[in-house]
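This report concerns only the one structure given below.
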Amino acid sequence: MWKLYILLTITMLLWGLNLPMLKYLLIYMNPVTMTAFRILTAGITVFIILAAFKIVRLPTKKEWAYIVGGAVLNVVFHHYFLNMGLFRTTGTNASLILGTGPVLTAICTALILRNYPTKIQWIGAAIGFIGIGSVVLAGGESLAGLQIGDAFVFISILAQVLSFLVISKAARTLDPRLLTAYMLIVGGLILSVISLIQEPGELIKFTTVPSSFWVIFATSAILGTAVGHMLYNYSIGQIGPSKAAIFMNLNTLFALSGSALFLGEIITGSHLFGFLLIIIGVILGSGAAEDLWKKRKTTPKPSL
């Protein structure tokens with residue numbers, strides 16, 4: 001179980017650092033075209049990795065239904081609205097809204113899958129959400145400043161949350177890592193068609209971007225999307241969407257830490273307090289604290 005917690009923490013590090021990378025890429029390209037080719041690159045990368053481990057196979061008809069459903073929600077809707085939102089709002093506001101993921105996942109899982117989190121997990125989710133609010137509001141943002149871009153980001157996280165439920169069902173018969181590969185390719189192709197309609201002529205910009213764009217593009221596609229989604233979807237198949245989603249609280253921590261490290265943004269005492277709440281929320285909400293407590297109770301005391 002602890003190996004999965006470490007994998008999820010690494011995934012959140014990749015996703016958190018991916019947010020400022022996306023903001024950088026959007027300086028040179030419009031969102032849909034850039035996203036479509038970044039997703040396709042990620043999908044090809046996952047297939048290459050899985051082929052090396054010889055776990056690539058053709059899905060069944062039922063599995064194709066899950067693949068298409070997951071691709072539409074997790075790739076098309078999530079990435080389309082996330083990048084359209086980032087194009088219109090600040091990274092700070094986006095971090096706050098993305099931080100609602102664990103709470104939305106817990107609610108949707110309880111309502112749709114009838115899988116209810118424990119009281120301690122609910123408390124952890126609430127503490128983590130308060131921590132995210134503290135971090136973001138420390139940056140001087142206010143909820144009154146929410147705009148259409150923020151609505152797009154919320155739609156993106158809601159679509160991703162719903163996709164987690166699809167992934168958890170598909171993982172019963174299909175390796176989540178292979179599911180990720182198919183979802184990225186199907187979703188990337190759909191986004192490519194949308195980009196040709198919404199952003200005609202945008203492809204020519206790929207010939208004018210600086211070399212730094214391609215370095216960030218490759219890093220975002222391979223690490224942030226390919227490896228990140230592969231690890232996260234694998235974790236969903238192992239521990240379920242509710243526990244895995246709690247780790248999404250770490251997105252804000254890593255995103256703002258990366259901004260401070262690479263962009264020179266200032267981290268205040270309020271940020272550190274918020275970070276502490278996020279970490280406490282993850283430990284409680286993920287079930288890690290309960291696992292430790294149960295292990296301690298069942299471990300026999302040494303005899304004198």
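The values are calculated or read from the model by the stated rules, or taken from the named source; none is laboratory data. Keep in mind it's a predicted model, so treat the numbers as computed, not measured. Glycine also receives a Cβ, built like all others from the backbone with ideal geometry; neighbour counts cover every protein chain displayed. Calculation scope for accessible area: heavy atoms of the full protein, side chains included, ligands and nucleic acids excluded. Shrake-Rupley method; radii C 1.70, N 1.55, O 1.52, S 1.80 Å.
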(request) Give, as a single signed number, the net charge of other residues whose beta carbon lies under 10 Å from the beta carbon of THR33, with Lys and Arg counted +1 and Asp and Glu -1. (result) 0
(message) How much length would be gained if the chain were fully extended between ALA51 and LYS205, taking 0.36 nm per residue of separation minus their Cα-Cα distance, in nm to one decimal?
(response) 52.2 nm
(message) Sorting check: for 41-51, 208-218, which peptide has the highest mean count of neighbouring beta carbons within 10 Å, and how do the rest follow?
(response) 41-51, 208-218
(message) Could you work out what % of the accessible surface of the range 1-71 is carbon and sulfur, using a 1.4 angstrom probe and leaving DNA, RNA and ligands out of the count?
(response) 76
(message) Suppose each label sits 7 Å from its Cα in the direction of the beta carbon; what would the TRP214-GLN198 distance come out to in nanometres?
(response) 2.7
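Over 25 Å between Cα atoms, which of LYS3/LYS169; LYS23/LYS205; LYS23/LYS54; LYS62/LYS119; LYS23/LYS169 qualify? Show your work: numbers first, answer last.
Values: LYS3/LYS169 22 Å; LYS23/LYS205 17 Å; LYS23/LYS54 36 Å; LYS62/LYS119 35 Å; LYS23/LYS169 33 Å.
Pairs exceeding 25 Å: LYS23/LYS54; LYS62/LYS119; LYS23/LYS169.
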(request) Determine the sum of side-chain charges near ALA226: Lys and Arg each +1, Asp and Glu each -1, restricted to other residues whose C-beta is under 13 angstrom from that of ALA226. (result) +2
(request) Write out the chymotrypsin sites (Phe, Trp or Tyr not before Pro) in the range 1-46 meeting two conditions: DSSP loop, and at most 16 other Cβ atoms within 10 Å of their Cβ. (result) TYR28
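Could you sort 193-201, 64-72, 160-168 so that the peptide with the highest average Cβ count within 10 Å comes first and the rest follow in order? Intermediate results must be reported in sequence, preceding the final value.
On the way: 193-201: 13.3, 64-72: 19.8, 160-168: 23.8.
Descending mean neighbour count gives 160-168, 64-72, 193-201.
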(request) Would you mind getting me the FRET efficiency between LEU272 and LYS3? Use the beta-carbon distance for r and R0 = 25 Å, nearest 0.05. (result) 0.30
